[in-house]
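Shown next, in structure tokens, is the structure this report addresses.
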Amino acid sequence: MPTTQPRALDAPDRIPALLADAFSANQDRPDPQSRQRLSLELRSEIRRLLPKVQAQMDSITPRTRAWYARDTAIDAAREELAKGLSPSSLAACLTITELGRRLRVLDEFAGGER
């Protein structure tokens, strides 16, 4: 189950721990406050990584496989950020899991930069 304590901003395990919480949300069904906190933390990390991946994309030859992969990841992350968190437990947990997927992809492109 996700932790209820806020994470330190500079914790080295922030992203792996967030991903673990996000990917277990469907099974654990955290309470509404924990879902909201987890959603905000995931969104914060996604927003932090978006400019890094965008900068990579800008330095890559356009229309190459690497460029398209980053373009797709950025678009998918922005699309997911635009969605709100449903009051339904299942729908909210599915959204959290999808935010985790978007974060994982961006983190992989960012090379694990923290």
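Amide H contacts under 5 Å for Ala110: none, restricted to partners 5 or more places along the chain or on a different chain, H placed in the peptide plane at 1.01 Å from N. Once both labels are positioned 7 Å from their Cα atoms along Cα-to-Cβ, the gap between Ala17 and Leu94 label points is 3.0 nm. Compared with the dominant Cα axis of the chain, that is its longest principal axis, helix 65-82 is turned about 30°. Computed on the Cα atoms alone, the convex hull of region 14-109 gives a volume of 82 cubic angstrom per residue. For region 17-29, backbone phi angles converted through the Karplus equation (6.51, -1.76, 1.60; θ = phi - 60°) give residue-by-residue couplings of 5, 4, 5, 4, 5, 5, 6, 9, 4, 5, 7, 7, 6 Hz, Gly and Pro being listed as x.
Charge dipole (Cα centre; +1 on Lys/Arg Cβ, -1 on Asp/Glu Cβ; no other charges) of the chain amounts to roughly 160 debye.
In order along region 44-59, phi translates into HN-Hα couplings of 4, 5, 4, 5, 5, 7, 3, x, 5, 5, 4, 5, 4, 4, 5, 8 Hz, rounded to whole numbers, per the Karplus curve 6.51 cos²θ - 1.76 cosθ + 1.60 with θ = phi - 60° and x for Gly and Pro.
Shown in residue order for region 93-108 are the 3J(HN,Hα) couplings computed by the Karplus curve 6.51 cos²θ - 1.76 cosθ + 1.60 at θ = phi - 60°: 5, 5, 5, 4, 4, 5, 4, x, 4, 5, 5, 4, 5, 4, 5, 5 Hz (x for Gly and Pro).
No value in this document is a laboratory result; all are computed from the given coordinates. From a predicted model like this one, the values you see are computed outputs, not experimental measurements. Glycine gets a Cβ as well: all are built from the backbone with ideal geometry, and neighbour counts include every protein chain shown.
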